[in-house]
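A short worksheet on the structure shown next.
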Amino acid sequence: MKNLSYLCCMEIDKYIHHIKSHDTYGNGILIGNYFFTAAHVIEKAVKSYVTIEDKTQELTKDTALVLKTNEERRWDGYDLAIYRFDDIIPSPLTLYDKLPTNDIIINCGFYNRKSSIMNKSNVFSSPIEEEYVFTFLNGKAIHIYGNFIECKLNGKVRTGNSGCPIIYGTSVVGILYGDKDEKDSSETALFLSSKAIIRLLDELSIPFNRIYSNSF
């Protein structure tokens, strides 16, 4: 599969990072020097942070360059948080400024897997270890709801996947908002489109140089 081979060659997991906090977790994608995630991940988290190139970057509401939520699922709204990190090597990824068609897209990111062991009484103890597992899901865009793209995936999105990107080629097409039907896991998910993100950046006069892509 052509798109997946592009991703593997780029080692895309270098640019997708899991967000940790005291009570929740999510994902984010590095595009240039900017880190994109879903705003509700930041809104719900306590002392969230991300580690990039062994540097810990705190993610707060006050330090966000952009923080817009979409609590009422208004299709013309947003669910987006953006941070700028100038002390890291920028990623080569770009935002794609067109909506996806029927082409195969890739949703990828980390989910949190907790492991338990059995004690001497053959009873599972509390989780003792957390592991962040990187996964790929193929899919297609099946509907557009204003700023959001509905995608049918060949696997289920999981709790903690919020903020994962959908990618086509070397460009980001959208940022995961969540399951369309508000379930813990589903094969149908909503993504805030990169086209809507670019329009918002233009409205806010934020100079995101060299991260737009008109073609692949």
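Just so it is clear, none of the values below were taken in a lab; they were calculated from the coordinates. Worth saying up front: this structure is predicted, and the values here are computed from it rather than measured. Here the Cβ is made from the backbone with ideal geometry for all residues, glycine too, and neighbour counts use every protein chain on show.
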Could you grab the pairs with beta carbons closer than 6 Å, sequence gap of 6+ or different chains, first residue in segment 187-207 and touching a residue at least 12 places away in the same chain (Cβ under 8 Å) and under 12 Å from Ile166 (Cβ atoms), second one hydroxyl-bearing (Ser, Thr, Tyr) and surrounded by 13 or more Cβ atoms within 10 Å (Cβ to Cβ)?
Leu190/Tyr177; Leu192/Tyr177; Ser194/Tyr96
Give, as residue ranges, the strands (runs of 3 or more DSSP E) completely inside segment 37-107 that count at least 2 residues that are without any contact (Cβ under 8 Å) to a residue 24 or more places away in the chain and farther than 20 Å from Val157 by Cα.
55-59
When restricted to Val41, Val50, the only residue crowded, with 20+ Cβ neighbours inside 10 Å, within 20 Å of Lys180 (Cα to Cα) and among the hydrophobic types (A, V, I, L, M, F, W, C) is Val41
Options Lys61, Lys20: the member that is buried (at least 18 other Cβ atoms within 10 Å of the Cβ) and basic (Lys, Arg)
Lys20
Subset of segment 59-97 that is hydroxyl-bearing (Ser, Thr, Tyr) and touching a Leu at 6+ places or on another chain (Cβ under 7 Å) - its residue that is nearest to Gly178 (Cα to Cα):
Tyr78
